[in-house]
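Laboratory data are not the source of any read-out in this text; all were calculated from the coordinates shown. Since this is a predicted model, take the numbers as computed values, not measurements. Backbone-built Cβ (ideal geometry, glycine too); neighbour counts: all protein chains shown.
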Amino acid sequence: MIRGIHHAALCTDDLDRLLGFYRDVVGFEEVARSEWEATPRIDEIIGVPGSSARQVMLKAGGAYLELFQYRAPEGGRPTGSMRPFDRGYTHICLDVVDIKAEHARLTAAGASFNCVPGDFGAIKAVYGRDPDGNIIEIQETAPDHAFAYEKVNPRA
């Protein structure tokens, strides 16, 4: 039985910078931290021989975000920037209470957005990028909307 999505993960070349953004600016809580060097079982599980990495797990509401920085093998940036319509994982969406205030706060902290938030009635949203260039969305939902934070996270 699948219960739902546990976490999304981002790989970065600067764990401290991305951790600072998601923990200190966005407000995720750090719940776990680990690292490994030349661990055959981990290499087998992830399918990467000779891996070495640092990892931090963050939590906000009922969602987790895992950040990785691999020391080995050396990674690289994709040849182009991921676009919202490309195949694969395209973005994470952050639920916010005051989208105008969060848009301003995150912009001041280094995020970049495509425009000011759009108002679609029960949902207000805008896409942008974190300091690593990963696509993020910030979204504010009306309390009675089916996607409202309180409905998706009833214990919150």
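Observations
- 3J(HN,Hα) couplings calculated from phi for region 90-98 with the Karplus curve 6.51 cos²θ - 1.76 cosθ + 1.60 (θ = phi - 60°) are, in sequence order, 10, 6, 10, 10, 9, 6, 10, 8, 10 Hz; Gly and Pro show x.
- Between 112, 89, 34, the Cα set farthest toward the positive side of the dipole of the chain (charges on each charged residue's Cβ, about the Cα centre) is that of 89.
- Basic side chains Lys and Arg get +1 at the Cβ, acidic Asp and Glu get -1 at the Cβ, and with that the dipole of region 1-89 about its Cα centre reaches some 300 debye.
- Taking amide H positions as modeled 1.01 Å from N, with prolines and chain starts lacking one, the residues under 5 Å from residue 93 and 5 or more places away or on another chain are 137.
- Stretching the chain fully between residue 24 and residue 72 yields a gain of 14.6 nm (0.36 nm per residue, less the alpha carbon separation).
- Summing Cβ point charges (Lys, Arg +1; Asp, Glu -1) relative to the Cα centre of the chain gives a dipole of roughly 200 debye.
- For residue 66, the residues whose modelled amide H falls within less than 5 Å of its own, excluding neighbours fewer than 5 places apart on the same chain, are 8, 9, 10, 58.
- The HN-Hα couplings worked out from phi for region 123-132 by the Karplus form 6.51 cos²θ - 1.76 cosθ + 1.60 (θ = phi - 60°) are 10, 10, 7, 7, 9, x, 9, 6, x, 8 Hz, whole numbers, x standing for Gly and Pro.
- Region 90-149, relative contact order in percent, only Cα pairs under 8 angstrom and at least six apart counted: 37 percent
- In order through region 18-32: 3J(HN,Hα) via Karplus (6.51 cos²θ - 1.76 cosθ + 1.60), integer Hz, x for Gly, Pro: 5, 4, x, 5, 6, 8, 7, 9, 6, x, 5, 9, 6, 10, 7
- Going through [x] 46; [y] 40; [z] 26, the figure that equals percent of Cα pairs over 24 Å apart as computed for the structure here is [y].
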